[in-house]
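So the structure is just underneath, and the comments pick up after that.
The values are calculated or read from the model by the stated rules, or taken from the named source; none is laboratory data. These figures come from a predicted structure and were not determined experimentally. Heads up, the Cβs are rebuilt from the backbone with ideal geometry, glycines too, and the neighbour counts pull from every protein chain shown. Each accessible area value is taken on the protein alone, full model and side chains, heavy atoms only, with ligands, DNA and RNA left out. Shrake-Rupley method; radii C 1.70, N 1.55, O 1.52, S 1.80 Å.
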Amino acid sequence: MAPFLTEKMQVIRPLLPDATRPFWSVMIPTYKPRADYLEETLKSVLQQDPGSGQMQIEVVDDGSPNGAPVELVRRLADDRVSVHREPANNGLAGIWNRCIERARGEWVHILHQDDVVLPGFYDHLYRGISCNPQAGMAFCRFAISDANGHWKELAPLERSTPGVLDGWLERVATDCRVQCPAVVVRRATYEQLGGFRADLVSVLDIEMWVRIAANFPVFYEPQILAFFRRHGTNQSVMDERTGANMQDMARAIEVWKDYFPAHCREQLEQQSRRYWSGIALMLAQIFFSNEDVVACTSQLRAAKTLWNHGRHRSRRLRLEAKVLLHRVLGERAISAMREVRRRIRPA
(Lines give C-alpha, C1' and ligand atoms only; values in the text may rest on other atoms or scores of the structure.)
Protein backbone atom coordinates (compact mmCIF):
# COMPACT_ATOMS: atom_id res chain seq x y z
CA MET A 1 0.00 0.00 0.00
CA ALA A 2 1.26 3.47 -0.85
CA PRO A 3 1.68 5.82 2.13
CA PHE A 4 -1.22 8.14 1.26
CA LEU A 5 -1.83 9.46 4.75
CA THR A 6 -0.83 13.12 4.96
CA GLU A 7 -1.56 16.00 7.30
CA LYS A 8 -4.57 16.82 5.07
CA MET A 9 -6.18 13.43 5.82
CA GLN A 10 -7.75 12.87 9.19
CA VAL A 11 -6.62 9.70 10.94
CA ILE A 12 -9.53 7.30 11.53
CA ARG A 13 -8.71 5.24 14.60
CA PRO A 14 -9.75 1.58 14.74
CA LEU A 15 -12.45 0.53 17.17
CA LEU A 16 -11.83 -1.84 20.04
CA PRO A 17 -12.85 -5.45 19.27
CA ASP A 18 -16.55 -5.96 19.94
CA ALA A 19 -18.48 -9.12 19.20
CA THR A 20 -21.76 -7.18 19.13
CA ARG A 21 -20.59 -4.76 16.46
CA PRO A 22 -23.24 -4.23 13.72
CA PHE A 23 -22.53 -4.87 10.07
CA TRP A 24 -23.86 -1.48 8.89
CA SER A 25 -23.52 2.07 10.12
CA VAL A 26 -25.91 4.38 8.28
CA MET A 27 -24.71 7.87 9.14
CA ILE A 28 -26.86 10.81 8.06
CA PRO A 29 -25.06 14.18 8.28
CA THR A 30 -27.44 17.14 8.52
CA TYR A 31 -27.25 20.91 8.46
CA LYS A 32 -30.45 22.95 8.44
CA PRO A 33 -32.26 19.98 6.88
CA ARG A 34 -35.48 20.39 4.95
CA ALA A 35 -37.98 18.35 6.94
CA ASP A 36 -39.73 16.59 4.05
CA TYR A 37 -36.46 15.54 2.44
CA LEU A 38 -35.01 14.24 5.71
CA GLU A 39 -38.23 12.35 6.43
CA GLU A 40 -38.04 10.64 3.05
CA THR A 41 -34.36 9.81 3.64
CA LEU A 42 -35.03 8.28 7.05
CA LYS A 43 -38.06 6.31 5.87
CA SER A 44 -36.06 4.85 2.98
CA VAL A 45 -33.59 3.41 5.52
CA LEU A 46 -36.11 2.35 8.15
CA GLN A 47 -38.10 0.38 5.56
CA GLN A 48 -35.00 -1.82 5.15
CA ASP A 49 -33.96 -1.87 8.81
CA PRO A 50 -32.64 -5.34 9.81
CA GLY A 51 -32.60 -4.34 13.49
CA SER A 52 -30.17 -2.62 15.83
CA GLY A 53 -27.98 -5.71 16.07
CA GLN A 54 -27.18 -5.43 12.35
CA MET A 55 -27.51 -1.71 11.67
CA GLN A 56 -26.58 1.49 13.48
CA ILE A 57 -28.63 4.46 12.25
CA GLU A 58 -27.54 7.90 13.40
CA VAL A 59 -28.26 11.48 12.43
CA VAL A 60 -25.14 13.63 12.93
CA ASP A 61 -26.07 17.31 12.95
CA ASP A 62 -23.32 19.76 12.04
CA GLY A 63 -24.29 22.57 14.42
CA SER A 64 -27.53 23.66 12.73
CA PRO A 65 -28.53 27.13 14.06
CA ASN A 66 -31.96 25.90 15.17
CA GLY A 67 -30.65 22.70 16.67
CA ALA A 68 -30.61 19.08 15.56
CA PRO A 69 -33.83 17.63 14.07
CA VAL A 70 -34.58 15.64 17.23
CA GLU A 71 -38.38 15.96 17.16
CA LEU A 72 -38.64 14.82 13.53
CA VAL A 73 -36.42 11.82 14.18
CA ARG A 74 -38.33 10.84 17.33
CA ARG A 75 -41.66 11.11 15.52
CA LEU A 76 -40.51 8.82 12.75
CA ALA A 77 -38.32 6.36 14.61
CA ASP A 78 -38.72 6.84 18.37
CA ASP A 79 -35.38 5.68 19.83
CA ARG A 80 -34.38 3.52 16.85
CA VAL A 81 -32.39 6.38 15.26
CA SER A 82 -29.91 8.18 17.49
CA VAL A 83 -29.19 11.89 17.10
CA HIS A 84 -25.82 13.50 17.76
CA ARG A 85 -25.30 17.27 17.64
CA GLU A 86 -21.88 18.78 17.02
CA PRO A 87 -21.23 21.90 19.14
CA ALA A 88 -19.88 23.84 16.12
CA ASN A 89 -19.98 23.55 12.36
CA ASN A 90 -17.23 21.31 10.99
CA GLY A 91 -17.67 21.89 7.27
CA LEU A 92 -18.15 19.12 4.73
CA ALA A 93 -14.94 17.12 5.28
CA GLY A 94 -15.20 17.61 9.03
CA ILE A 95 -18.75 16.31 9.39
CA TRP A 96 -18.18 13.36 7.05
CA ASN A 97 -15.13 12.40 9.09
CA ARG A 98 -17.12 12.74 12.31
CA CYS A 99 -19.67 10.35 10.80
CA ILE A 100 -16.90 7.81 10.17
CA GLU A 101 -15.47 8.27 13.66
CA ARG A 102 -18.88 7.71 15.27
CA ALA A 103 -19.66 4.69 13.06
CA ARG A 104 -19.53 1.38 14.94
CA GLY A 105 -20.38 -0.86 11.99
CA GLU A 106 -18.08 -2.89 9.78
CA TRP A 107 -19.36 -0.93 6.75
CA VAL A 108 -20.20 2.78 6.69
CA HIS A 109 -22.90 4.40 4.56
CA ILE A 110 -22.83 8.22 4.60
CA LEU A 111 -26.32 9.10 3.39
CA HIS A 112 -27.06 12.79 2.85
CA GLN A 113 -30.15 14.45 4.31
CA ASP A 114 -31.88 14.76 0.92
CA ASP A 115 -30.92 11.51 -0.81
CA VAL A 116 -32.75 8.17 -0.84
CA VAL A 117 -31.98 4.45 -0.89
CA LEU A 118 -34.42 2.16 -2.68
CA PRO A 119 -35.73 -1.22 -1.45
CA GLY A 120 -33.03 -3.88 -1.56
CA PHE A 121 -30.06 -1.50 -1.27
CA TYR A 122 -28.57 -3.05 1.87
CA ASP A 123 -29.51 -6.64 1.01
CA HIS A 124 -27.93 -6.55 -2.43
CA LEU A 125 -24.74 -4.87 -1.26
CA TYR A 126 -24.50 -7.21 1.72
CA ARG A 127 -24.59 -10.23 -0.58
CA GLY A 128 -21.98 -8.73 -2.87
CA ILE A 129 -19.67 -7.76 -0.02
CA SER A 130 -20.01 -11.19 1.60
CA CYS A 131 -18.97 -12.89 -1.65
CA ASN A 132 -16.04 -10.48 -2.16
CA PRO A 133 -14.40 -10.01 1.25
CA GLN A 134 -11.36 -8.31 -0.30
CA ALA A 135 -13.46 -5.32 -1.45
CA GLY A 136 -12.82 -2.02 0.32
CA MET A 137 -15.81 -0.23 -1.19
CA ALA A 138 -19.09 -1.16 -2.87
CA PHE A 139 -21.67 0.81 -4.79
CA CYS A 140 -24.76 0.38 -6.89
CA ARG A 141 -26.07 2.01 -10.03
CA PHE A 142 -28.10 5.09 -9.15
CA ALA A 143 -30.41 7.74 -10.53
CA ILE A 144 -30.19 11.53 -10.37
CA SER A 145 -33.49 13.19 -9.56
CA ASP A 146 -34.86 16.71 -9.53
CA ALA A 147 -36.02 18.52 -6.41
CA ASN A 148 -39.32 16.62 -6.45
CA GLY A 149 -37.75 13.18 -6.71
CA HIS A 150 -38.43 12.67 -10.43
CA TRP A 151 -35.60 10.79 -12.09
CA LYS A 152 -33.81 12.87 -14.72
CA GLU A 153 -30.70 10.84 -15.44
CA LEU A 154 -29.27 7.36 -14.85
CA ALA A 155 -25.68 6.59 -13.92
CA PRO A 156 -23.65 4.67 -16.50
CA LEU A 157 -23.85 0.88 -16.33
CA GLU A 158 -20.38 -0.24 -15.19
CA ARG A 159 -21.01 -3.95 -15.80
CA SER A 160 -24.15 -6.01 -16.45
CA THR A 161 -23.78 -8.42 -13.53
CA PRO A 162 -22.77 -7.89 -9.89
CA GLY A 163 -19.04 -8.22 -9.27
CA VAL A 164 -15.68 -6.56 -8.72
CA LEU A 165 -14.89 -3.93 -11.35
CA ASP A 166 -11.91 -4.22 -13.69
CA GLY A 167 -10.01 -1.05 -14.62
CA TRP A 168 -12.00 0.96 -12.10
CA LEU A 169 -9.18 3.33 -11.09
CA GLU A 170 -8.86 4.65 -14.65
CA ARG A 171 -12.62 5.09 -15.00
CA VAL A 172 -13.35 6.80 -11.70
CA ALA A 173 -10.40 9.20 -12.10
CA THR A 174 -11.30 10.32 -15.62
CA ASP A 175 -15.10 10.55 -15.61
CA CYS A 176 -18.06 11.27 -13.32
CA ARG A 177 -19.16 7.78 -12.22
CA VAL A 178 -20.35 7.78 -8.59
CA GLN A 179 -22.57 9.73 -6.19
CA CYS A 180 -22.40 9.43 -2.40
CA PRO A 181 -25.78 7.79 -1.64
CA ALA A 182 -24.84 4.77 -3.76
CA VAL A 183 -21.56 4.11 -1.90
CA VAL A 184 -20.68 2.06 1.18
CA VAL A 185 -17.11 1.77 2.48
CA ARG A 186 -15.54 -0.70 4.88
CA ARG A 187 -14.59 1.19 8.03
CA ALA A 188 -11.20 -0.54 7.94
CA THR A 189 -10.63 1.09 4.53
CA TYR A 190 -10.96 4.55 6.08
CA GLU A 191 -8.76 3.42 8.97
CA GLN A 192 -6.03 2.45 6.51
CA LEU A 193 -6.33 5.31 4.01
CA GLY A 194 -7.52 8.16 6.24
CA GLY A 195 -10.63 10.30 6.12
CA PHE A 196 -11.82 12.92 3.65
CA ARG A 197 -9.31 15.66 2.83
CA ALA A 198 -9.85 18.97 4.59
CA ASP A 199 -8.12 20.93 1.79
CA LEU A 200 -10.81 19.98 -0.76
CA VAL A 201 -14.20 21.66 -0.52
CA SER A 202 -16.27 20.39 -3.44
CA VAL A 203 -14.91 17.14 -4.89
CA LEU A 204 -13.53 15.52 -1.74
CA ASP A 205 -15.84 12.54 -2.31
CA ILE A 206 -14.41 11.86 -5.79
CA GLU A 207 -10.86 12.08 -4.43
CA MET A 208 -11.80 9.48 -1.83
CA TRP A 209 -13.25 7.09 -4.42
CA VAL A 210 -10.07 7.44 -6.50
CA ARG A 211 -7.91 6.87 -3.41
CA ILE A 212 -9.83 3.72 -2.54
CA ALA A 213 -9.72 2.44 -6.14
CA ALA A 214 -5.93 2.76 -6.09
CA ASN A 215 -5.73 0.46 -3.09
CA PHE A 216 -8.70 -1.91 -2.96
CA PRO A 217 -11.02 -3.88 -5.24
CA VAL A 218 -14.44 -2.25 -5.61
CA PHE A 219 -17.68 -4.23 -5.82
CA TYR A 220 -20.51 -3.07 -8.09
CA GLU A 221 -24.24 -3.84 -8.09
CA PRO A 222 -25.92 -2.98 -11.43
CA GLN A 223 -29.44 -2.57 -10.05
CA ILE A 224 -30.57 1.04 -9.47
CA LEU A 225 -30.92 1.16 -5.69
CA ALA A 226 -30.37 4.81 -4.74
CA PHE A 227 -30.99 8.29 -6.03
CA PHE A 228 -29.12 11.54 -5.65
CA ARG A 229 -31.36 14.61 -5.50
CA ARG A 230 -30.27 17.77 -7.31
CA HIS A 231 -31.90 21.01 -6.17
CA GLY A 232 -31.07 24.68 -5.79
CA THR A 233 -29.65 24.44 -2.27
CA ASN A 234 -27.32 21.50 -2.99
CA GLN A 235 -23.77 22.51 -2.15
CA SER A 236 -22.74 21.00 -5.49
CA VAL A 237 -25.24 23.17 -7.38
CA MET A 238 -24.04 26.32 -5.59
CA ASP A 239 -20.41 25.41 -6.31
CA GLU A 240 -21.23 25.15 -10.02
CA ARG A 241 -22.30 28.80 -10.07
CA THR A 242 -19.07 30.00 -8.47
CA GLY A 243 -16.81 27.64 -10.39
CA ALA A 244 -15.56 26.30 -7.04
CA ASN A 245 -16.32 22.74 -8.11
CA MET A 246 -13.93 22.76 -11.07
CA GLN A 247 -11.25 24.84 -9.37
CA ASP A 248 -11.38 22.22 -6.62
CA MET A 249 -11.18 19.50 -9.26
CA ALA A 250 -7.92 20.95 -10.55
CA ARG A 251 -6.50 20.71 -7.02
CA ALA A 252 -7.83 17.16 -6.62
CA ILE A 253 -6.18 15.98 -9.83
CA GLU A 254 -2.85 17.30 -8.53
CA VAL A 255 -3.42 15.06 -5.51
CA TRP A 256 -4.64 11.88 -7.16
CA LYS A 257 -2.25 11.82 -10.12
CA ASP A 258 0.23 10.32 -7.66
CA TYR A 259 -2.17 7.41 -7.08
CA PHE A 260 -1.74 6.24 -10.70
CA PRO A 261 0.81 3.63 -11.76
CA ALA A 262 3.99 5.32 -13.01
CA HIS A 263 3.71 3.90 -16.54
CA CYS A 264 0.36 5.60 -17.24
CA ARG A 265 0.40 8.53 -14.81
CA GLU A 266 0.85 11.33 -17.34
CA GLN A 267 -1.70 9.88 -19.76
CA LEU A 268 -4.37 9.48 -17.07
CA GLU A 269 -3.71 12.92 -15.61
CA GLN A 270 -4.18 14.53 -19.03
CA GLN A 271 -7.29 12.45 -19.72
CA SER A 272 -8.74 13.55 -16.39
CA ARG A 273 -7.96 17.22 -17.04
CA ARG A 274 -9.50 17.11 -20.52
CA TYR A 275 -12.66 15.45 -19.28
CA TRP A 276 -13.29 17.86 -16.41
CA SER A 277 -12.35 20.88 -18.52
CA GLY A 278 -15.02 19.71 -20.97
CA ILE A 279 -17.54 19.55 -18.13
CA ALA A 280 -16.61 23.11 -17.09
CA LEU A 281 -17.10 24.32 -20.68
CA MET A 282 -20.46 22.58 -20.88
CA LEU A 283 -21.59 24.24 -17.64
CA ALA A 284 -20.30 27.59 -18.89
CA GLN A 285 -22.39 27.24 -22.07
CA ILE A 286 -25.49 26.34 -20.06
CA PHE A 287 -25.03 29.34 -17.79
CA PHE A 288 -24.47 31.64 -20.78
CA SER A 289 -27.63 30.34 -22.46
CA ASN A 290 -29.48 31.14 -19.24
CA GLU A 291 -27.95 34.65 -19.22
CA ASP A 292 -25.98 33.96 -16.05
CA VAL A 293 -22.77 35.60 -17.25
CA VAL A 294 -21.13 35.62 -13.82
CA ALA A 295 -21.48 31.85 -13.42
CA CYS A 296 -20.41 31.32 -17.03
CA THR A 297 -17.22 33.32 -16.46
CA SER A 298 -16.44 31.36 -13.30
CA GLN A 299 -16.63 28.06 -15.19
CA LEU A 300 -14.53 29.46 -18.06
CA ARG A 301 -11.76 30.33 -15.61
CA ALA A 302 -11.92 26.82 -14.18
CA ALA A 303 -11.81 25.27 -17.67
CA LYS A 304 -8.65 27.23 -18.43
CA THR A 305 -7.03 26.02 -15.22
CA LEU A 306 -7.85 22.40 -15.98
CA TRP A 307 -6.85 22.14 -19.66
CA ASN A 308 -5.97 24.98 -22.00
CA HIS A 309 -5.02 23.21 -25.22
CA GLY A 310 -6.49 22.27 -28.59
CA ARG A 311 -10.26 22.18 -29.03
CA HIS A 312 -10.85 22.97 -25.37
CA ARG A 313 -8.93 26.23 -25.71
CA SER A 314 -10.77 27.14 -28.93
CA ARG A 315 -14.18 26.49 -27.35
CA ARG A 316 -13.25 28.58 -24.34
CA LEU A 317 -12.04 31.52 -26.43
CA ARG A 318 -15.20 31.51 -28.55
CA LEU A 319 -17.42 31.55 -25.49
CA GLU A 320 -15.30 34.25 -23.85
CA ALA A 321 -15.82 36.38 -26.97
CA LYS A 322 -19.60 35.91 -26.64
CA VAL A 323 -19.41 36.93 -22.99
CA LEU A 324 -17.49 40.07 -23.94
CA LEU A 325 -20.07 40.97 -26.60
CA HIS A 326 -22.85 40.37 -24.11
CA ARG A 327 -21.26 42.77 -21.66
CA VAL A 328 -20.62 45.44 -24.29
CA LEU A 329 -23.78 45.18 -26.37
CA GLY A 330 -26.28 43.54 -24.06
CA GLU A 331 -28.48 40.47 -24.61
CA ARG A 332 -30.84 42.23 -27.04
CA ALA A 333 -28.01 42.94 -29.47
CA ILE A 334 -26.70 39.39 -29.16
CA SER A 335 -30.16 38.01 -29.92
CA ALA A 336 -30.40 40.27 -32.98
CA MET A 337 -27.04 39.01 -34.27
CA ARG A 338 -28.18 35.41 -33.82
CA GLU A 339 -31.33 36.14 -35.79
CA VAL A 340 -29.33 37.72 -38.63
CA ARG A 341 -27.02 34.68 -38.77
CA ARG A 342 -30.02 32.37 -38.83
CA ARG A 343 -31.60 34.23 -41.75
CA ILE A 344 -28.48 34.37 -43.90
CA ARG A 345 -27.42 30.79 -43.21
CA PRO A 346 -27.74 28.68 -46.40
CA ALA A 347 -30.73 26.32 -46.44
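Considering only protein heavy atoms and a 1.4 Å probe, what is the carbon-and-sulfur percentage of the accessible area of the chain?
52
For the range 45-101, what are Rg and Dmax over the alpha carbons, in angstrom?
Every Cα atom of the range 45-101 included, Rg and Dmax give 12.3, 33 Å.
Please give the per residue accessible area of the chain, computed with a probe of 1.4 Å over protein heavy atoms only, in Å².
47
Tell me the label-point distance for the pair A35, N66, using the 7 Å Cα-to-Cβ offset, in nm and rounded to one decimal.
In this crude spin-label approximation the distance works out to 0.8 nm.
Give me the Debye-computed log₁₀ of I(q)/I(0) at q = 0.10, 0.11, 0.12 Å⁻¹ for the chain, equal point scatterers on Cα only, no solvent, two decimals.
For the chain at q = 0.10, 0.11, 0.12 Å⁻¹, log10 I(q)/I(0) is -0.65, -0.78, -0.91.
For the range 233-314, what are Rg and Dmax over the alpha carbons, in angstrom?
When restricted to Cα atoms, the range 233-314 yields Rg and Dmax of 13.3, 44 Å.
Can you list the HN-Hα couplings for the range 292-300, worked out from phi with the Karplus curve (6.51, -1.76, 1.60; θ = phi - 60°), rounded to whole Hz and with x for Gly and Pro?
Along the range 292-300, the couplings run 9, 5, 5, 5, 4, 5, 4, 6, 5 Hz.
With a 10 Å cut-off between alpha carbons and a GNM built on the chain, which of F228, F196, F23 moves the most?
With Cα springs under 10 Å in the chain, the top fluctuation among F228, F196, F23 is at F23.
With the chain treated as a Gaussian network of Cα nodes joined by springs under 10 Å, which of R104, R315, R197 yields the largest mean-square fluctuation?
Highest fluctuation of the listed residues: R315.
Top mean-square fluctuation among D79, D114, D248, Gaussian network model of the chain, C-alpha springs under 10 Å?
D79
Shape of the range 69-207 from its Cα gyration tensor (a ≥ b ≥ c, root eigenvalues): rounded if a/c is under 1.5, otherwise prolate when a/b > b/c, or oblate?
Note, shape of the range 69-207 comes out rounded.
Could you state, as a whole-number percent, how many of the C-alpha pairs of the range 260-305 are farther apart than 15 Å?
The proportion of pairs with Cα distances above 15 Å equals 47 percent.
Could I have the simple spin-label model distance between D292 and E254, label points 7 Å from Cα toward Cβ, reported in nm to one decimal?
2.7
Would you calculate the volume per residue, in Å³, of the smallest convex hull containing every Cα atom of the range 180-245?
Convex hull volume per residue, Cα atoms: 110 Å³.
Using only Cα atoms, what is the ratio of the radius of gyration of the range 244-286 to 2.2 N^0.38 Å?
1.24
Using alpha-carbon positions, what is the distance between the centroids of the range 158-172 and the range 127-153, in Å?
13
Let me confirm the definition first: pairs of Lys residues in the chain, 8 or more apart or on different chains, C-alpha distance under 21 Å. How many are there?
Qualifying lysine pairs in the chain: 4.
If amide hydrogens are placed 1.01 Å from N in the peptide plane, which non-local residues have theirs closer than 5 Å to the one on E221?
Amide H neighbours of E221: F139, C140, R141.
How far apart, in nm, are the 7 Å Cα→Cβ label points at E266 and R311?
2.3
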